[in-house]
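Engineer: Here it is, the structure, as structure tokens.
The values are calculated or read from the model by the stated rules, or taken from the named source; none is laboratory data. Just so it is clear, the structure is predicted and the values come from calculations on it, not from any experiment. We place every Cβ from the backbone using ideal geometry, glycine too, and count neighbours over all the protein chains shown. The protein model used for the area step is the full one, side chains on, heavy atoms only, and it has no ligands, DNA or RNA in it. Shrake-Rupley method; radii C 1.70, N 1.55, O 1.52, S 1.80 Å.
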Amino acid sequence: MGNMFLWAALLMSHWFWGLSGAAAEQSSELERIEKCGTRCSQGLHCRTKPGAWFPPPCQDPAQGLNSSSVFANISLSTVMSCEGRQKCSLHLQIKTAVHLTESIHGVSICTVTAGMMSNCQVFTFTKASRGRMSGRKVEVENNCFDISPSQRAQVTVKTVPSYCGVTWTSTYEAPGCINKDLRQHVPECITGKLSYDVKPERKELSVRVTDMLEDYDYFLRLCRNDFICKGTGAETKIKKGDPVMSATLPYSRPLPCLCIEGWSLLTDAPRVQVCPFKDRLEELWFGINFDLLEETLSWEPECQVSAVVALCQKREDGVCLDLPHASQKVSREKITFAKVDPHPQLCMKFTAGPQSWVKCPFADATFKAWEVVVTRQQGQEDVKMLSRITATFSVGQCVKSEGSTGCQITDTHTMHVEKNKPVDFKLEGEMCNSCLVVKRLDVKFAATVIHCLEQCQSSSPPSAGFSRRASLDWTWVVVPASVCLSGIIIITLLFNLLLTVYQRRKQNMNGGCISEKQIDPAFDCVVPVLPTKSALHGGVLVPDSPQCGNNEKANLISD
């Protein structure tokens, strides 16, 4: 058990140091060489020749001859040779240590890369030198194997002559263009540096290029990045030697996958990309389409994105509650929701990571598939359902309790509405603080709409309800008016009674004739009263009148 843990520790340490070495090589400056070649240990004379296309078969090794006893400290690395500042190439450098014996005359090194034939070099030692160095550890180094950035190579080291089983094999990957040294000096890695300014009011990108490959024209374009970057317009060419290494690129929408791409006019030239709007995810949630005939709601992303799209119902407070079983994951494919009720409260919710966006495609639509229509006549609300399509609805009545925002449904029934034919709601009982809960039943995804009534509703016919309410309203007018009218009549009768008594008393005092100008009810005559001097002493002179049946000249009435 202890040996197993020891082996595991050794493997982990080898893996860790291997990764550390690779990481260091990716970020460090590479070793420079003037010219590639072969170097052997001092005192050992080497000769180099290409390997044979068809090497001879391996031989049985001598006793005690194996890989571990022959090869030691084999290392692989990348070196760089340059003819100019931007004209450098990479080479694979192989260093190997060999325990030299009389049966070993040299070493063979072969490299194989993807899509390429095997490249072998044979390094033989002269008879005299190997005789002097026999039994010692000698070193052989070669750096003439060409390799490209990020290229993987399989390296095999054998003895000369080749002994069966005496072989060392390993795989090596050259540093990539992520290495700063390569980006500055190896043509395959020189892409140029892009900087930009956004002019949103003009929808333009002003792009500047620096550190581009010398003596080559440079191209710029806008593209949408996916598996490949698909161009969105014409390419812009910057000529070599141009003192102003810049260009202006117009864009239509600031999509997160819209990138600026630049490259030199070189075969298989590497390309550099920068995406100015990579954080503008909110620009993706447009282009929602609705097919009115099929009642299908669809959306297709213009950029690759990992998101969840769900249908939800937006409340008055702005919160959008997800509908059950109405969510789909999206990456780049078009998503579709079939049989959707196009109601203004029905929305789409897009969730990418911790952020969510809500889009309501029917909120500003002039076309409404259906609606609850309320008309008021003489204080009474008339509630009807109007639909521009033939549909079936679930209609429920609910009553709001005091101090609560909730609504408890008390009754539910199904209503079928023909196209453009209003239907009255069948309300039952007195409905104060009540609401209607309406939802379409002939679709898969629909909003549950609550319409609250402003006044009390009754199940009686409109005329009966109006008569009852009118009678209640008129009571407050008729009762006070009747009281006032009765008081006026009583006062008038009392006044008339007092006037009659007064007139009778005056008639009795005048002996049957009326003072001033008065009509006798018995004889229907008018007797004028003439004032005399005697009136100054409290009397009235009444002359004779045949109409009154008195033949006397005059009568003096005095106290």
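Engineer: Scan segment 171-192 and give yes if some residue there is open to solvent by 70 Å² or more (accessible area, probe 1.4 Å), within 30 Å of Ser67 (Cβ to Cβ) and either part of a loop (DSSP other than H, G, I, E, B) or at pLDDT 95 or above (or both), otherwise no.
Structural biologist: Yes, segment 171-192 has at least one match.
Engineer: Also, I was wondering about something else. Quick one: which strands (runs of 3 or more DSSP E) sit completely within segment 269-365 and have at least 3 residues that are free of Cβ contacts under 8 Å to residues at least 60 places away in the same chain?
Structural biologist: On the way: elements: 271-274, 289-291, 296-299, 307-314, 320-330, 335-337, 346-352, 355-359.
Here the list reads 296-299, 307-314, 320-330, 346-352.
Engineer: If you go through segment 236-268, how many residues are assigned to a loop (DSSP other than H, G, I, E, B), surrounded by 14 or more Cβ atoms within 10 Å (Cβ to Cβ) and within 36 Å of the chain's Cα centre (by Cα)?
Structural biologist: Looking only at that region, the number is 5.
Engineer: Residue check: is Ser195 open to solvent by 40 Å² or more (accessible area, probe 1.4 Å), in contact (Cβ under 8 Å) with a residue 12 or more places away in the chain and of a type in the set (Gly, Ala, Ser)?
Structural biologist: Considered against the rule, which asks whether it is open to solvent by 40 Å² or more (accessible area, probe 1.4 Å), in contact (Cβ under 8 Å) with a residue 12 or more places away in the chain and of a type in the set (Gly, Ala, Ser), Ser195 comes out as yes.
Engineer: Follow-up question, since we're still on this one. Please count how many residues of segment 291-317 are more than 30 Å from Thr236 (Cα to Cα) and surrounded by 16 or more Cβ atoms within 10 Å (Cβ to Cβ).
Structural biologist: Residues meeting the conditions: 11.
Engineer: Continuing with the same structure: Before we move on, is Arg221 in contact with a strand residue (DSSP E or B) (Cβ under 8 Å, 6 or more places away or on another chain), in a strand (DSSP E or B) and open to solvent by 40 Å² or more (accessible area, probe 1.4 Å)?
Structural biologist: Judged against the criteria, Arg221 is not a match.
Engineer: Any chance you could count how many residues in segment 113-157 are touching a residue at least 40 places away in the same chain (Cβ under 8 Å), open to solvent by 60 Å² or more (accessible area, probe 1.4 Å) and under 53 Å from the mean Cα position of the chain (by Cα)?
Structural biologist: Of the residues in segment 113-157, 2 are touching a residue at least 40 places away in the same chain (Cβ under 8 Å), open to solvent by 60 Å² or more (accessible area, probe 1.4 Å) and under 53 Å from the mean Cα position of the chain (by Cα).
Engineer: Could I ask something else about it? Answer yes or no as to whether Ser298 is among the polar types (S, T, N, Q) and touching a strand residue (DSSP E or B) at 6+ places or on another chain (Cβ under 6 Å).
Structural biologist: yes
Engineer: Another one. Within segment 226-249, count every residue that is modelled with pLDDT of 90 or more and not hydrophobic (A, V, I, L, M, F, W, C).
Structural biologist: 9
Engineer: Let me ask something else. Hey, can you tell me all the residues within segment 366-396 that are among the polar types (S, T, N, Q), at pLDDT below 85 and not in a loop (DSSP other than H, G, I, E, B)? Walk me through it before giving the result.
Structural biologist: Residues of segment 366-396 among the polar types (S, T, N, Q): 366, 375, 377-378, 380, 387, 390, 392, 394.
Still in the list and also at pLDDT below 85: 366, 375, 377-378, 380.
Within segment 366-396, Thr375, Gln377, Gln380 qualify.
Engineer: Something else about it: Is at least one residue of segment 402-412 open to solvent by 40 Å² or more (accessible area, probe 1.4 Å), under 12 Å from His451 (Cβ atoms), hydrophobic (A, V, I, L, M, F, W, C) and at pLDDT below 85?
Structural biologist: Of segment 402-412, the ones open to solvent by 40 Å² or more (accessible area, probe 1.4 Å) are 402-405, 407-412.
Okay, now just the ones that are also under 12 Å from His451 (Cβ atoms), so 407.
So of that shortlist, the ones also hydrophobic (A, V, I, L, M, F, W, C) come out as 407.
Within this subset, residues satisfying the condition of being at pLDDT below 85 are 407.
So far as segment 402-412 goes, yes, one or more of its residues are open to solvent by 40 Å² or more (accessible area, probe 1.4 Å), under 12 Å from His451 (Cβ atoms), hydrophobic (A, V, I, L, M, F, W, C) and at pLDDT below 85.
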